Amino acid sequence: MKLKALQSDITTVKVDVIVNAANTSLLGGGGVDGAIHRKGGAEILEACRKIRATQGKCNPGEAVITTAGNLPAKYVIHAVGPVWNTGGKDKERLLANCYLNSLRLAIENDIKTIAFPNISTGIYKFPKELAAKIAIETVMSFQQDQIEEVIFVCFDEENYKLYDELLRIKK
Ligand code: ADP
């Protein structure tokens, strides 16, 4: 499995699946979530609504998969990150679960290439360096032989530099 960092807009990345930093409602929000729904079109929201209707809200750490609508990817995995500033002590574990549950869904759906945004590091205020360490360590320790490439898509330069540096050290 190849890991790489890319500074880009995740809605433009051509991989089997892109991961969305969703919220518990699954019905769209700001940041990367807003961009994915805007560019992906109504089909994604419709699929999210159906999932909501059958299983209710999605808890932090959990993930669901839908079509990618008009995006270049085939699917979108909607993972709900933890909010840094409110309640609970398990934020690190919940953030790791976002990556783990996304990878599990990718395996179940025969996915070979996956792109992650920097979940929880925007509106949810998770410290960027800690989030990057958790993301990389969780993905690296995930045992499997199906996924060929994992791309960490960083929107801001600070995150890109963190990922680029951490991935260099781990090599
Ligand atoms: P959260 O609520 O999980 O913090 P945000 O969408 O606010 O979600 O931010 C998560 C990360 O996604 C942030 O690092 C933000 O800079 C980044 N981001 C925002 N828009 C995009 C985009 N179009 N492509 C990739 N990453 C994005």
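Taking the stated definitions as given, is Lys89 open to solvent by 50 Å² or more (accessible area, probe 1.4 Å), more than 15 Å from the ligand (Cβ to nearest atom) and closer than 29 Å to Asp145 by Cβ? When the stated conditions are applied, Lys89 does not pass them. Out of everything in the stretch 141-171 that is in contact (Cβ under 8 Å) with a residue 40 or more places away in the chain, open to solvent by less than 80 Å² (accessible area, probe 1.4 Å) and among the hydrophobic types (A, V, I, L, M, F, W, C), what residue ends up being nearest to the ligand (Cβ to nearest atom)? Out of the qualifying residues, it is Val153. Please specify each residue of the stretch 42-67 satisfying the condition of being open to solvent by 50 Å² or more (accessible area, probe 1.4 Å) and touching a Ser or Thr at 6+ places or on another chain (Cβ under 6 Å). Result: Glu43, Lys57.
Of all residues in the stretch 8-19, none satisfies the criterion of being among the small types (Gly, Ala, Ser) and in a helix (DSSP H, G or I).
Please go through the stretch 2-19 and give me each residue that is more than 16 Å from the ligand (Cβ to nearest atom) and surrounded by 15 or more Cβ atoms within 10 Å (Cβ to Cβ), ordered by number.
Residues of the stretch 2-19 more than 16 Å from the ligand (Cβ to nearest atom): 2-3, 16.
The answer is Leu3, Asp16.
Could you list all residues from the stretch 20-41 that are part of a helix (DSSP H, G or I), open to solvent by less than 80 Å² (accessible area, probe 1.4 Å) and free of Cβ contacts under 8 Å to residues at least 60 places away in the same chain? Give the steps one after another, and end with the answer.
Kept after step one, since they are part of a helix (DSSP H, G or I), are these residues of the stretch 20-41: 31-40.
Then keep just the ones that are open to solvent by less than 80 Å² (accessible area, probe 1.4 Å); that gives 31-37, 40.
Asp33, Gly34, Ala35, Ile36, His37, Gly40 - these are the residues of the stretch 20-41 that are part of a helix (DSSP H, G or I), open to solvent by less than 80 Å² (accessible area, probe 1.4 Å) and free of Cβ contacts under 8 Å to residues at least 60 places away in the same chain.
The values are calculated or read from the model by the stated rules, or taken from the named source; none is laboratory data. It should be emphasised that the depicted structure is a prediction, and the values quoted were computed from it without experimental measurement. Every residue, glycine as well, gets a Cβ built from its backbone with ideal geometry; the counts of neighbours run over all protein chains shown. Quick note on the areas: whole protein, heavy atoms, side chains included, nothing else; ligands and nucleic acids left out. Shrake-Rupley method; radii C 1.70, N 1.55, O 1.52, S 1.80 Å.
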